[in-house]
1. If a residue must be surrounded by 18 or more Cβ atoms within 10 Å (Cβ to Cβ) and in a loop (DSSP other than H, G, I, E, B), how many such residues does the range 194-205 contain?
2. Just checking, how many residues over the range 357-379 are more than 26 Å from LEU398 (Cβ to Cβ) and surrounded by fewer than 22 Cβ atoms within 10 Å (Cβ to Cβ)?
3. In the range 60-99, how many are outside any loop (DSSP other than H, G, I, E, B) and out of contact with any strand residue (DSSP E or B) (no Cβ under 8 Å at 6 or more places or on another chain)?
4. How many residues are closer than 22 Å to SER286 by Cα and outside any loop (DSSP other than H, G, I, E, B) if we restrict to the range 352-405?
5. Consider ARG55 against the criteria (1) modelled with pLDDT of 80 or more; (2) in contact with a Phe, Trp or Tyr (Cβ under 9 Å, 6 or more places away or on another chain): it satisfies all of them except one. Which criterion is unmet?
6. Quick check on LEU208: is it among the hydrophobic types (A, V, I, L, M, F, W, C), outside the structural domain of GLU377 (by TED's automatic domain parsing), over 29 Å from LEU382 (Cα atoms) and in a helix (DSSP H, G or I)?
7. Anything in the range 200-232 that is over 25 Å from SER290 (Cα atoms) and in contact (Cβ under 8 Å) with a residue 40 or more places away in the chain? List them, or say none.
8. Can you name the condition, by its number, that PRO176 falls short on among (1) more than 23 Å from GLN58 (Cα to Cα); (2) crowded, with 16+ Cβ neighbours inside 10 Å?
Amino acid sequence: MEHLQNLIYWYRSVCLQKKWRSKRKRKGTIRLYVRDLAQLFRRLEECNIRYLVLRWFQEVPTTVEEEKDNTNDVDLLIEVEGNLPTIAQIVSSQPGHFKCDLYSTSGRFGTSYLGMPYYPPVLAQHLLDTRIKHESGFYIPNRKNQFLSLAYHLTYHKGLDSGIPSGCELPANPHPKRPYGHLLENLGREQGIDLPTPYTLLSLHNFLKQNDWDMPYDLLERWPRRTDWHKKLLEVELAIIDEDARRLPNLLVFFIREDMVREAKADFILNLLREKFRILEIANLSDEQSSWVMRQVRGGNWLKYKGTETISPAMAVCCHDDHPVPIDQSDTKRNTLYPLVSNQNAFHKHEIRKRLTEESGSADRVNGIHGSDNAYESQHMLRAIFGQERIATINRQLLEKIKNNFSL
């Protein structure tokens, strides 16, 4: 009988993993249906799989009896990478009706939000690294991150549906699922958050920006849920960098990743960049700069191609394109994939990746380099590298170098 039960669990586990792969292809989010949530948490902990409950901690049922009358679901952030088969086995052995939405640090394996990581991977990893235990025995974000992660969720995921006033001309949903604004204000009051009340989405965005917890500009412009609020927020961010982008329309910024420096490929990449562009500035990033860039620049999420290892940026290269090429309007496939590219030469980074892959002899693609798609992204990246306080000086120096035909 026990052997038969184990076969059933194994079969359920295989089916669940197939379902996850299907969700991944459709850019969906896995919803688990389990029984005995408390046991699920214990077993994850026994297997050294890090997880946390993202919010609404007081509503999490702690017994099977409580689960019966509970109509809510639980959002979980789990370290899925490398643990998928084990998680599938655990879940398959305790099937039930209680709903859990599963998100990971990378957003891979069917654990994304509309095909994107639920939180930027660096922030998701930070949540797991600093987690604490709730009085009921499961893990939750630490005190500060409870407010920041909930504010992020309401500002960028929920948006106007949160019912929180927008802070602009856009009306918020008058009938949100929960009194989100009130709940967030109470949490902020408990933590001494100095924000004028009632909160607005715009004030929350600015607060998150000040605390390095905002949605990066280059992620915002690619965000798959493009509501009027997201469009408005993008307008606000564009206005900040518009003047500098117009003054330096042919500036492109590239990041060389740490693995390329470690493998002595940086000079090879620089020479390939020189085939198309004039290099104005090369900056070796400090640990602080690298960390800031990883928080503020999407950079393919800074993950190894088709992997889960984080590879940080090590060098920044500012280039000028003296001979920009208009986009080929007949290439509809490429233009659909890369709608933000305004200069055909920006695709040179793809050629560099191809050359790096050929050099490595690897069957997997070598990313190696990340670059801006347009002048606005270049300005965003410069701010991530050098900070807002230095941006005027940096842009002035770059303009001087362009005028003087300077090249490294």
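1. Number of matching residues: 2.
2. Kept after step one, since they are more than 26 Å from LEU398 (Cβ to Cβ), are these residues of the range 357-379: 357-366.
Retained after the next criterion (residues that are surrounded by fewer than 22 Cβ atoms within 10 Å (Cβ to Cβ)): 357-365.
Count: 9.
3. Of all residues in the range 60-99, those outside any loop (DSSP other than H, G, I, E, B) come to 64-68, 73-78, 84-92, 95, 98-99.
Now restrict to residues that are out of contact with any strand residue (DSSP E or B) (no Cβ under 8 Å at 6 or more places or on another chain): 64-66, 68, 84-86, 88-90, 92.
The qualifying residues number 11.
4. Going residue by residue through the range 352-405, those that are closer than 22 Å to SER286 by Cα are 367-372, 377-395, 397-398.
Pick out the ones that are also outside any loop (DSSP other than H, G, I, E, B) and you get 369-371, 377-386, 388-395, 397-398.
Going through the range 352-405 one residue at a time, the tally reaches 23.
5. (2)
6. Numbers: among the hydrophobic types (A, V, I, L, M, F, W, C): yes; outside the structural domain of GLU377 (by TED's automatic domain parsing): yes; over 29 Å from LEU382 (Cα atoms): no; in a helix (DSSP H, G or I): yes.
For LEU208, the condition - among the hydrophobic types (A, V, I, L, M, F, W, C), outside the structural domain of GLU377 (by TED's automatic domain parsing), over 29 Å from LEU382 (Cα atoms) and in a helix (DSSP H, G or I) - is not met.
7. Taking the range 200-232 and keeping what is over 25 Å from SER290 (Cα atoms), we get 200-204, 224-232.
Answer for the range 200-232, where residues must be over 25 Å from SER290 (Cα atoms) and in contact (Cβ under 8 Å) with a residue 40 or more places away in the chain: LEU201, LEU204, PRO224, ARG225, THR227, ASP228, TRP229, HIS230, LYS232.
8. Against the list (1) more than 23 Å from GLN58 (Cα to Cα); (2) crowded, with 16+ Cβ neighbours inside 10 Å, PRO176 comes up short only on (1).
The values are calculated or read from the model by the stated rules, or taken from the named source; none is laboratory data. Quantities reported herein were computed from a predicted structural model and do not represent experimental measurements. Neighbour counts run over all protein chains shown; Cβ positions are idealised from the backbone, glycine included.
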